[in-house]
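Here is the structure we will look at, set down as structure tokens.
Read-outs throughout are calculated quantities, based only on the coordinates presented, and are distinct from any laboratory measurement. The structure presented is a predicted model; accordingly, all values stated were derived computationally and were not measured. Here the Cβ positions follow ideal geometry from the backbone for every residue, glycine too, while neighbour counts run over all protein chains shown.
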Amino acid sequence: MSPQGVEGAWRPLALFPLGTVLFPDGLLPLRVFEARYTDLVSNCLREGSAFGVVTLNQGGELRQSQAGAHFEVTGCLAQIVDCDSERPGILQVQCRGTGRFLWRDARQREDGLWLADALELPADQELTPPREQIGCVKALERAIAALAQRDQHPFALPHRLDQAGWVANRWCELLPLPLATRHKLMALPDPRVRLALVDGFLRRHRIVTE
């Protein structure tokens with residue numbers, strides 16, 4: 001499936017289908033060993049370009065032929081921030097999500113790499129969390145501090161706790177949400193709506209009570 005009637009500056013983009021959801025400003029570690037993806041990483045490093053992470057809703061991640069694969073129409077651009085080789089032919093790659101995009105006209109090259117035309121979507125508006133959701137912000141701040149005490153740092157700096165979209169995205173990464181729910185939240189264009197839905201989940205599960 002691809003979007004219909006969407007206008008804008010479409011450009012070619014390599015896709016990396018995964019059984020996960022990448023959020024803007026989120027971190028994504030990848031262990032890359034297939035030739036189509038090691039070549040993609042090499043090209044991105046050489047050109048300073050990004051690739052698109054799209055969430056699989058049918059099919060497997062690592063098949064040479066993914067003719068039966070279907071992925072969500074909204075994805076997230078991934079910029080490589082670190083790359084190391086543990087042994088020849090295997091790359092340990094750390095990526096950071098930048099912006100969301102829509103894709104259309106996906107096609108698969110002979111080597112199995114997916115290409116599509118992509119349209120970048122506007123970034124979240126820089127909106128502060130509403131007063132009634134400050135408890136959600138404080139709970140995330142406490143969670144970050146608790147993880148740091150265990151030497152776990154899942155979020156890239158800077159921590160933008162004053163931004164509704166950033167807070168919502170980080171909670172989406174932490175919470176045990178179904179994949180489809182996590183993707184729908186990522187695709188929502190209004191960061192305050194996204195935060196309100198996350199806040200409701202946290203309150204229903206008594207993670208936030210204030």
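Thinking of the stretch 11-120 as a set of Cα atoms, what percent of all their pairs are more than 18 Å apart?
When every Cα pair of the stretch 11-120 is considered, 45 percent fall beyond 18 Å.
For the stretch 74-139, run through the GluC sites (Glu not before Pro) and keep only the ones in DSSP coil with at most 12 other Cβ atoms within 10 Å of their Cβ.
GLU110, GLU126
Only sites in a loop by DSSP and with at most 13 other Cβ atoms within 10 Å count here; which chymotrypsin sites (Phe, Trp or Tyr not before Pro) in the stretch 5-48 make the cut?
PHE33
In Å, the Kirkwood hydrodynamic radius of the stretch 57-210 over pairs of distinct alpha carbons?
That comes to 17.8 Å for the stretch 57-210.
Can you put ARG100, ARG109, ARG206 in order of Cβ neighbours within 10 angstrom, beginning with the fewest?
So the residues, fewest neighbours to most, are ARG206, ARG109, ARG100.
Run the numbers on the stretch 11-120 and let me know its relative contact order in percent, using alpha-carbon pairs under 8 Å that are six or more apart.
Rounded, it is 35 percent for the stretch 11-120.
Select from the stretch 129-178 those trypsin sites (Lys or Arg not before Pro) which occupy a DSSP coil region and have at most 12 other Cβ atoms within 10 Å, ordered by residue number.
Sites meeting the loop and neighbour criteria: ARG150.
Order these by the 10 Å Cβ neighbour count, fewest first: THR128, THR74.
The most exposed by this proxy come first: THR128, THR74.
Within 13 Å, Cβ to Cβ, of ARG160, how many net charges do the neighbouring residues add up to if Lys/Arg are +1 and Asp/Glu are -1?
Neighbourhood net charge equals -4.
Helix-only estimate, please: 222 nm mean residue ellipticity of the chain, summing -39500 (n - 2.57) across DSSP H runs of length 4 or more and dividing by its residues, to the nearest 500.
Value at 222 nm, helices only, nearest 500: -9500 deg cm²/dmol.
Two decimals is fine: what's Rg over Rh for the stretch 131-204, C-alpha atoms, Kirkwood radius as Rh?
0.94
Relative contact order of the chain: what whole-number percent is it, with Cα pairs under 8 angstrom and at least 6 residues apart?
After rounding, I find 23 percent.
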